[in-house]
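For reference, the structure is listed below as structure tokens.
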Amino acid sequence: MGIAEELGVDFDTVNYIQDPPDADTLRAIIAKLEDEPTALVRRDSKFKKLELDESDVATVDQIVEILVKHKQLLQRPLVVTTDTAIIGRPKDRVRELLT
């Protein structure tokens, strides 16, 4: 958000916990994603607690299913424009996308 504000770019913030993306929205994001789709899934303690591994998030269908069931695993920040989606790490990626 800070970079978008700094650049004077209009943006909408979506709280993924309160308003998680549905399967169709996730598929639309994946279609625009510059990163590998599996990069949308966080490999954190929740991922381990659920006993997931790479074979559980190898396909778009699996990724969508996991993220619909476990919204906390969605990688963030996620920046989506009309044509492109990126994972906003490192922050310089956001600046490059928005300029």
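The values are calculated or read from the model by the stated rules, or taken from the named source; none is laboratory data. Source: prediction; values computed, not measured. When we count neighbours, we look across all protein chains shown, and the Cβ atoms used for this are built from the backbone with ideal geometry, even at glycine. Ligands, DNA and RNA are stripped out before the accessible areas are found, and what is left, the full protein with its side chains, is counted by its heavy atoms. Shrake-Rupley method; radii C 1.70, N 1.55, O 1.52, S 1.80 Å.
Per-structure values
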quantity	calculated
Residues that are open to solvent by 60 Å² or more (accessible area, probe 1.4 Å) and part of a helix (DSSP H, G or I), drawn from region 72-86	Gln72
Region 30-40, residues that are open to solvent by 50 Å² or more (accessible area, probe 1.4 Å), part of a loop (DSSP other than H, G, I, E, B) and in contact (Cβ under 8 Å) with a residue 24 or more places away in the chain	Glu34
Condition met for Arg95 (out of contact with any Asp or Glu (no Cβ under 7 Å at 6 or more places or on another chain), assigned to a helix (DSSP H, G or I) and surrounded by 10 or more Cβ atoms within 10 Å (Cβ to Cβ))	yes
Checking Gly8 against (1) touching a helix residue (DSSP H, G or I) at 6+ places or on another chain (Cβ under 7 Å); (2) under 19 Å from Asp92 (Cβ atoms), the condition it does not meet	(1)
Residue, modelled with the lowest pLDDT, within region 15-24, restricted to residues that are of a type outside the set (Ser, Thr, Tyr) and in a loop (DSSP other than H, G, I, E, B)	Asn15
Residue ID - nearest to the chain's Cα centre (by Cα), chosen from residues in region 15-27 that are without any contact (Cβ under 8 Å) to a residue 24 or more places away in the chain and surrounded by fewer than 14 Cβ atoms within 10 Å (Cβ to Cβ)	Asn15
Filter result for the condition that a residue is at pLDDT 90 or above, out of contact with any Pro (no Cβ under 6 Å at 6 or more places or on another chain) and outside any helix (DSSP H, G or I), over Arg27, Arg89, Arg43	Arg43
Filtered residues of region 47-61 (kept if part of a helix (DSSP H, G or I) and either touching an Asp or Glu at 6+ places or on another chain (Cβ under 6 Å) or open to solvent by 70 Å² or more (accessible area, probe 1.4 Å) (or both))	Lys48, Lys49, Glu54, Ser55, Asp61
Residue match in region 2-14 (condition: open to solvent by less than 60 Å² (accessible area, probe 1.4 Å), part of a loop (DSSP other than H, G, I, E, B), of a type in the set (A, V, I, L, M, F, W, C) and touching a residue at least 12 places away in the same chain (Cβ under 8 Å))	yes
